[in-house]
1. Apply the a/c threshold of 1.5 to the C-alpha gyration tensor of segment 61-131 and tell me whether it is rounded, prolate or oblate.
2. Among all lysine pairs in the chain that are eight or more places apart or on different chains, how many have alpha carbons less than 24 angstrom apart?
3. Provide the net charge surrounding Phe36, with neighbours chosen by a C-beta distance below 13 Å and charges set as Lys +1, Arg +1, Asp -1, Glu -1.
4. Can you give me the % of accessible surface on segment 6-131 that is carbon or sulfur? Probe 1.4 Å, all protein chains present, nothing else counted.
5. Any idea what the dipole of the chain comes to, in debye rounded to 20, about its Cα centre with Lys/Arg Cβ at +1 and Asp/Glu Cβ at -1?
6. Among bridges DSSP assigns within the chain, what percent are antiparallel (round to 5)?
7. Once you keep just the Cα pairs under 8 angstrom separated by 6 or more residues, what percentage relative contact order results for the chain?
8. Might you tell me the accessible area per residue for the chain, computed with a 1.4 Å probe and given in Å²?
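The values are calculated or read from the model by the stated rules, or taken from the named source; none is laboratory data. This is a predicted model, so every value here is computed, not measured. Heads up, the Cβs are rebuilt from the backbone with ideal geometry, glycines too, and the neighbour counts pull from every protein chain shown. For the accessible areas, the whole protein counts, side chains as well, though only heavy atoms, and no ligand, DNA or RNA atoms are used. Shrake-Rupley method; radii C 1.70, N 1.55, O 1.52, S 1.80 Å.
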Amino acid sequence: MSNDRKRLYAVRGASCTENTADAIVANTCAMCSEIFEKNRIVPDDIVSIQFTVTDDLDALNPAAALRRGNCGIDVSRCALFCAVEPKVKGSLPKTVRVMVTAYLPDGSIPVHAYCNGAEVLRPDFVRKNKA
């Protein structure tokens, strides 16, 4: 399919992490790197990257972690935002969630990244990505 048109997509991901600055940097960057690589996202295609964290992660904001670490692309000029995930009984602890809003080729099927224990949140995406 040779279609140069792009449209806006949202690509999701989540990763569990320990509550240390080093772990949050490593796990946030690994998750985002997977999203960027598998969806062929470059900085100019990114509209924004929004994170949420569970309230038990307070060692470092994942937006700061993404800027601090190596995620495979330059995110220094990307709009980043972070908020605390709503507290819900039985929800997965120590979790960073992300939504990358980016332009991808029209007709793309976004590849989401659930890793490091967060696969339980969306096993349907994990199965599709391994197929």
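1. Since a/c reaches 1.5 but b/c is at least a/b, the shape of segment 61-131 is classed as oblate.
2. 4
3. Numbers: positive: Lys38, Arg40; negative: Glu34, Glu37, Asp44, Asp45, Asp74.
Local net charge: -3.
4. With neighbouring chains kept in place, the figure for segment 6-131 is 53 percent.
5. 380
6. Working: 18 of 26 bridges.
Given both bridge residues lie in the chain, the antiparallel proportion sits at roughly 70 percent.
7. 42
8. Heavy-atom accessible area per residue stands at 57 Å².
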